[in-house]
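Visitor: Structure below; questions to follow.
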Amino acid sequence: MGIEIVGQIEKINGKELSYKDFAERYLAKSQPVVISDLTEDWRAREDWVAENGLPNLHFFATHFGKSRVQVADCDRREYTDQKRLEMSVLDFVEQWAKDSVEDNGENDDDDDDDGKSVLYLKDWHFVKEYPNYTAYKTPPLFSDDWLNIYLDHYQMHEDRENFQKYDQISCSDYRFVYMGGKGSWTPLHADVFRSYSWSANVCGRKRWLFLPPSQSHLVYDRYMKNCVYNIFEDVNETKFPGFKETTWLECIQESGDTIFVPSGWHHQVYNLEDTISINHNWLNAYNLACVWDLLWKDYKDTEESIEDIRDISDDFEALCQRNLAANTGMNLNDFFIFMSRFALGNMVLQESLNPCSSAMAQNLVLNLSTIKKMMMKMISAGGVTAKDVYLDLRETLEDPQFLRFCRDMGRQYKMIHKEEDNKVLFPEEFLLKIMGFADQKMQICSPKDLVEMIDRYSACSSNPLA
């Protein structure tokens, strides 16, 4: 069964695109786009690429060879994804170099199957592992990134009762390096959390196939549980009856190009050449509703999957939340604390601005307004029920970690909007102001508390919500 390709993804010059235009044309409208000229000054494009334009495998072997990474076997399926192997970067690049030599050899018999698999290094947390090696800088267009700046300062999930952090259900960040030879590929999927993603080719070329969100139901079975794995293989029409109705958009991503993937767009990707890419997942005010909708759906699915033990469970809700975090990377309580800290940080930044209608001020107002809307959705859904889930305002505002979070957030927004680096109000000073719009217990214990706090802040702020 072939697929129907009905159009190409738009391509534009990044040097001619302002953040305001990008937000209005692509973030807000959830439209994919290929952007050129965003990576020219990256160190990675010098160090990681050999003179012939191919990946500099020797550089990786000598500088990062001891790193342990996850490698996908592109020829072996395991459940809903490709089978994953763990190996060192050195072992991976040595195998890659060996395969390249064999592929360029004299044996051109296409029917000779030696059982060799195509390997693809994926999801390498390079930035976290090598913080002192600045391979690249996130382009300003993609820098309104709530997810990664939060994870630079906090774990997404922790057990409050025992004050233990669980690495197995807390991702360190969502910044990745991908490396693979010609023919490596990624099966059909939509991105984690229904986040945005951007992917920049350091070298090599990729072919992308995109499915609009309005057609996403067509690549799932009738129960909306299982997704088509490979759109180019014979898809079972009985299991996926809607697949034949899908229509696709396509693009070829050249070396140096960066592609923006909006929330909810399913995509399948092929490396047409030996390729290295840098990929981030991120979220912000423009796609927060997509993130919440998926999180709530995953929660209800989790609840349904263990419904048969509700009556014998000591704390069924806690079990649901723990399973949700393990399977999704974030649970409802994590989302609530994430939004509470981020909202408080936005208030701190607003207080550091002079009363004005600057682009940064408008961005912060949009952030708070969107968080309020999500908390109102949580109230309607009854999403946070744990008694020990709360944010202590006095403790948070006096925490040096939170101050660093605010300062980094401030630098981020000033860089995006090209504004002067004004002083960020210290939490000690802000604590006096917050007394006026926080309740007497000085805690955010529920989505309702956060909504009321945002409303009180807006009422006395020089930059009120619309």
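The values are calculated or read from the model by the stated rules, or taken from the named source; none is laboratory data. It should be emphasised that the depicted structure is a prediction, and the values quoted were computed from it without experimental measurement. Virtual Cβ from ideal backbone geometry, glycine too; neighbours counted across all protein chains shown. With ligands, DNA and RNA removed, areas are computed over all heavy atoms of the protein, side chains included. Shrake-Rupley method; radii C 1.70, N 1.55, O 1.52, S 1.80 Å.
Visitor: Suppose we keep only residues that are in contact with a strand residue (DSSP E or B) (Cβ under 9 Å, 6 or more places away or on another chain), open to solvent by 10 Å² or more (accessible area, probe 1.4 Å) and not hydrophobic (A, V, I, L, M, F, W, C) within the stretch 264-298. Which one would you say is nearest to residue 96 (Cα to Cα)?
Guide: The extreme case among them is 274.
Visitor: Could you check the stretch 143-153 and list, in sequence order, the residues that are under 30 Å from residue 93 (Cα atoms), in contact (Cβ under 8 Å) with a residue 60 or more places away in the chain and either touching a strand residue (DSSP E or B) at 6+ places or on another chain (Cβ under 6 Å) or open to solvent by less than 50 Å² (accessible area, probe 1.4 Å) (or both)?
Guide: Of the residues in the stretch 143-153, the ones under 30 Å from residue 93 (Cα atoms) are 148, 151-152.
From what is left, the residues that are in contact (Cβ under 8 Å) with a residue 60 or more places away in the chain are 148, 152.
Hit for the stretch 143-153 is 148, nothing else.
Visitor: In addition: Looking only at the stretch 238-249, filter to residues that are aromatic (Phe, Trp, Tyr) and not in a strand (DSSP E or B); which one of those is least open to solvent (accessible area, probe 1.4 Å)?
Guide: Our first condition is that a residue be aromatic (Phe, Trp, Tyr); within the stretch 238-249, this holds for 240, 243, 248.
With the extra rule that they be not in a strand (DSSP E or B), the set shrinks to 240, 243.
Numbers: 240: 21, 243: 4 Å².
That would be 243.
Visitor: Now, a different point. Does residue 235 satisfy being open to solvent by 10 Å² or more (accessible area, probe 1.4 Å) and modelled with pLDDT of 95 or more? Spell out how you get there, then give the answer.
Guide: Details: open to solvent by 10 Å² or more (accessible area, probe 1.4 Å): yes; modelled with pLDDT of 95 or more: yes.
Yes: the conditions hold for residue 235.
Visitor: Just to be sure I understand, how many residues within the stretch 346-371 are more than 20 Å from residue 287 (Cα to Cα), hydrophobic (A, V, I, L, M, F, W, C) and open to solvent by 10 Å² or more (accessible area, probe 1.4 Å)? Don't jump to the end; show me each part of the working.
Guide: Start the filter on the stretch 346-371 by keeping residues that are more than 20 Å from residue 287 (Cα to Cα), which leaves 347-358.
Pick out the ones that are also hydrophobic (A, V, I, L, M, F, W, C) and you get 347-349, 353, 356.
Still in the running and open to solvent by 10 Å² or more (accessible area, probe 1.4 Å): 353, 356.
Final tally of qualifying residues: 2.
Visitor: Let me ask something additional. Where the second residue is small (Gly, Ala, Ser) and surrounded by fewer than 16 Cβ atoms within 10 Å (Cβ to Cβ) and the first is under 15 Å from residue 181 (Cβ atoms) and lies in the stretch 49-60, which pairs have Cβ atoms under 9 Å and are six or more apart or on separate chains?
Guide: As it stands, the answer is 56/50; 57/50; 57/97, since those pairs meet every condition given.
Visitor: Report, by residue number, each residue of the stretch 378-410 that is in contact (Cβ under 8 Å) with a residue 60 or more places away in the chain and open to solvent by 50 Å² or more (accessible area, probe 1.4 Å). Full working, then the answer.
Guide: In the first step, residues of the stretch 378-410 are kept if they are in contact (Cβ under 8 Å) with a residue 60 or more places away in the chain; the result is 378-379, 381, 383-386, 388-389, 401-402, 404-406, 408-410.
Those that are in contact (Cβ under 8 Å) with a residue 60 or more places away in the chain and open to solvent by 50 Å² or more (accessible area, probe 1.4 Å): 379, 385, 388, 401, 404, 408.
Visitor: Given the condition modelled with pLDDT of 95 or more and of a type in the set (Gly, Ala, Ser), answer yes or no: does some residue in the stretch 51-61 qualify?
Guide: Quick first cut of the stretch 51-61, residues modelled with pLDDT of 95 or more only: 51-61.
Then drop every residue that is not of a type in the set (Gly, Ala, Ser), which leaves 53, 61.
There is at least one residue in the stretch 51-61 that is modelled with pLDDT of 95 or more and of a type in the set (Gly, Ala, Ser).
Visitor: Something else about it: Please go through (1) part of a strand (DSSP E or B); (2) out of contact with any His (no Cβ under 8 Å at 6 or more places or on another chain) for residue 267 and return the number of the only condition it doesn't satisfy.
Guide: With (1) part of a strand (DSSP E or B); (2) out of contact with any His (no Cβ under 8 Å at 6 or more places or on another chain) applied to residue 267, the lone miss is (2).
Visitor: Let me ask another. Is it the case that some residue within the stretch 338-345 is at pLDDT below 95 and either surrounded by 21 or more Cβ atoms within 10 Å (Cβ to Cβ) or on the phi < 0 side of the Ramachandran plot (or both)? If you could, list the steps in order and put the result at the bottom.
Guide: First pass over the stretch 338-345, keeping only residues at pLDDT below 95: 344-345.
Imposing the further condition that a residue be either surrounded by 21 or more Cβ atoms within 10 Å (Cβ to Cβ) or on the phi < 0 side of the Ramachandran plot (or both) reduces the set to 344-345.
Yes, there is a match, as at least one residue in the stretch 338-345 is at pLDDT below 95 and either surrounded by 21 or more Cβ atoms within 10 Å (Cβ to Cβ) or on the phi < 0 side of the Ramachandran plot (or both).
Visitor: Just checking, does the stretch 99-110 include any residue being open to solvent by 40 Å² or more (accessible area, probe 1.4 Å) and at pLDDT 95 or above? First the steps, then the outcome.
Guide: Keep residues of the stretch 99-110 that are open to solvent by 40 Å² or more (accessible area, probe 1.4 Å), which gives 101-104, 106-110.
Applying the additional criterion that residues be at pLDDT 95 or above yields none.
No, there is no match, as no residue in the stretch 99-110 is open to solvent by 40 Å² or more (accessible area, probe 1.4 Å) and at pLDDT 95 or above.
Visitor: Can you tell me which residue is surrounded by the most Cβ atoms within 10 Å (Cβ to Cβ) among those in the stretch 82-98 that are charged (D, E, K, R) and outside any strand (DSSP E or B)? Walk me through how you get there before you give the answer.
Guide: Of the residues in the stretch 82-98, the ones charged (D, E, K, R) are 83-84, 86, 91, 94, 98.
Going one step further and asking which of them are outside any strand (DSSP E or B), we end up with 91, 94, 98.
Numbers: 91: 17, 94: 15, 98: 11.
Ranking the candidates gives 91 first.
Visitor: Is it fair to say residue 38 is open to solvent by less than 70 Å² (accessible area, probe 1.4 Å), closer than 21 Å to residue 204 by Cα and assigned to a loop (DSSP other than H, G, I, E, B)?
Guide: Numbers: open to solvent by less than 70 Å² (accessible area, probe 1.4 Å): yes; closer than 21 Å to residue 204 by Cα: yes; assigned to a loop (DSSP other than H, G, I, E, B): yes.
So residue 38 fits the description; yes.
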